[in-house]
Amino acid sequence: MSVIIPVMNERRTIAAVLKQAARIHPHTELIVVANGSTDGSAEAAERCGAKVIRYLSPLGHDVGRAIGARAAQGEILLFLDGDMVLSAVKLRPFVDVIARGRADVALNDYSGPVHTSRVHPVVLAKHALNEMLGRPDLKGTSLTAVPHAMSRGALSVIGSESLLVPPLAHAKAAAAGLRIVLPIRVDVGRCNRPRRERERSRPLHRLIIGDHLEAIAWLSRQAASDKEAPVLPESDGAETGHGGGTE
């Protein structure tokens, strides 16, 4: 399996993240995409045995995941963040459900806070997309939230470039009929309070909502294309020699 972790100035946590990731499976490839890091995160990851892909400029986590996925060699890909230390016990279910052939994509069963008077617009966007995909059972789960995992076969269907826009990758996975399951809930909101503080000063919700709109636009185009596709007349194969007849 391959573990893909985008990192930007997370030297204080990356070693602990990698230590837990390495315990998930006996054959684990650790990939760290260090983009714009200046605090020694890349060097710390290398000391832990990770393959480090370096970029001088900040690329963003989504770009880092797409780059890491393209470089990965494993049959199962697990996506984490470098500033969120999660135990191997919490991470293993995402890998196991795919390794046992029960799923193509394993999402974090975390829908965000919904029992409030004002629901966050990102949470609403996730629920709306899943409703449009005909998967209300997925609630507010999405490939925008870590941890999540997928098989190499699923990646080939989705395309590593789609990971640049996680809601689009999510939509493509559901539209393709991939088996998407929610093996376990990891409360990433509680796990990463420092990130919430950063996002108050640098809100990302407009970008994330825009990504969901892009996914919805793609889904609408797919639906329109299906309606416009010509309906071919049925044939018994008499003229062509095809269609199930015996020779």
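Each reported figure results from applying straightforward, stated rules to the coordinates on display, with no laboratory input. None of these values were measured; they are calculated from a predicted model. Cβ: placed from backbone, ideal geometry, glycine included. Neighbour counts: every protein chain shown.
Applying 1/(1 + (r/R0)^6) with r as the Cβ-Cβ distance of E214 and H115 and R0 = 22 angstrom yields a FRET efficiency of 0.15. The Rg/Rh ratio for segment 49-123 is 1.02, where Rg is the radius of gyration of the alpha carbons and Rh is the Kirkwood radius. Under the simplified labelling scheme, the R12-H27 pair shows an inter-label distance of 3.8 nm, with each label point 7 Å from Cα along Cα→Cβ.
Multiplying the residue separation of K90 and D137 by 0.36 nm and removing their Cα-Cα distance gives an extension gain of 14.7 nm. Applying 1/(1 + (r/R0)^6) with r as the Cβ-Cβ distance of E46 and H205 and R0 = 25 angstrom yields a FRET efficiency of 0.15. Spacing of the modelled spin labels on A128 and E228, each 7 Å from Cα toward Cβ, amounts to 2.4 nm. Distance from the alpha carbon centroid of segment 46-111 to that of segment 14-40 works out to 9 angstrom. The mean sequence distance of close C-alpha pairs (under 8 Å, at least 6 residues apart), as a share of the length of segment 69-148, puts its relative contact order at 36 percent. Each Cα pair under 8 Å and six or more residues apart adds its separation to the average, and for the chain the resulting relative contact order is 19 percent.
Seen against the Cα atoms of the chain and their longest principal axis, helix 88-99 is set at about 20 degrees. For the chain, the fraction of alpha-carbon pairs lying more than 29 Å apart is 33 percent, rounded to a whole number.
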